[in-house]
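Written below as structure tokens is the structure these notes are about.
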Amino acid sequence: MGGYGSFASVYDRLTENIDYKELCGYYDRMAKKRGRGTGILLELGCGTGNVSVGMKNLGYDVIAVDISPDMLNAALSKPHDGIEYLCQDMCSLDMYGTNDVTICTLDGINHLDGEREMSACFDSVSLFLETGGVFLFDYNTLRKHREILGDNTFVYDLDDVYCVWQNYYDPDSGRVDISLDIFTQQDGLYSRDGEEFSEWAMPLDRVEQLLIRSGFGDIEIYDFMTENKGGEQSEKVLFSAVNKRKHQ
């Protein structure tokens, strides 16, 4: 996983189309569906903190982690009373205690470097999630990588930011390599920066197997932003899993 330093500076501008209130409301409903709509919530890959703030406003005690100091600095620059931000790798968490709900939004799990890192992440989540606690995360499917992201280029042309987002799809691994050229304007002049990172996708039944191996059960897969059953035909799904691991 990269540092996302250049991306952090423009992330909020490039994601203005995301309805964070709706997104947080969905995660809250799906947590309550499992009987876990209150308590301590751990957010993985919190980025600039928009979801953290939203979940805090819904009544959770929020701990949020991200591997990027630049993303966390952006989060800390916003009103964040009561949210604890930590610079940590989601594959090797180091918490003070357990939490009731763990979430990872906006393709965060797809950013893990394949099966090895995904398995490490699930192990780490299970270690610090209460027995019976719920783990919720959205996940881009192989179909989305193949048909939507693919070898496509997207252009964001805003008043003060111009970004060319290029994807390169590897059908053998399900990986999309992403290259960003970012131009930001200040005092009438543009400066250029760049960022490169990747997203991986694998069959959903393999993700489910890794969850089970890490101690999760009662796994449900939903078509994202709905309560309908999801599958490989979906572009994105939500995994909902209950931690069966017994803590000492």
- request: Stick to the Cα atoms of the range 65-154, pair each with every other, and give me the Kirkwood hydrodynamic radius in Å at one decimal.
  value: 14.9
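For ASN110, what charge total do you get from the other residues with a beta carbon under 10 Å from its beta carbon, if Lys and Arg give +1 and Asp and Glu give -1? Write down the numbers at each step before the final one.
Working: positive: LYS144, ARG175, LYS236; negative: ASP107, ASP138, GLU199.
Residues close to ASN110 contribute a combined charge of 0.
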query: Over the chain, one equal point on each Cα, no solvent: what is log10 I(q)/I(0) by the Debye formula at q = 0.08 Å⁻¹?
result: -0.30
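Dipole magnitude of the range 143-199 about its Cα centre, charges +1 at Lys/Arg Cβ and -1 at Asp/Glu Cβ only, in debye to the nearest 20? Walk me through the numbers before you get to the answer.
Working: 5 positive and 14 negative charges, 60 e Å.
Dipole size: approximately 280 debye.
What is the percent of Cα-Cα separations in the range 200-248 that go past 12 Å? Spell out each step's value before the answer.
Working: 741 of 1176 pairs.
Here the long-distance tail beyond 12 Å is 63 percent of all Cα pairs in the range 200-248.
Taking only the alpha-carbon atoms of the range 143-199, what semi-axes of the equivalent ellipsoid follow from 5 times the gyration tensor eigenvalues under a square root, in whole Å, largest first?
Details: eigenvalues 153, 23, 6 Å².
In descending order the semi-axes read 28, 11, 6 Å.
In what sequence do ILE109, ILE148 fall when counting other Cβ within 10 Å, fewest first?
Values: ILE109 24, ILE148 14.
Final ranking by Cβ density, sparse to dense: ILE148, ILE109.
Taken together, the values in this text are just the output of simple stated rules run on the coordinates, not laboratory data. The model shown is predicted, which means the values in this text are computed figures rather than measured ones. Ideal geometry is used to build each Cβ from the backbone, glycine not excepted, and the neighbour counts take in all protein chains shown.
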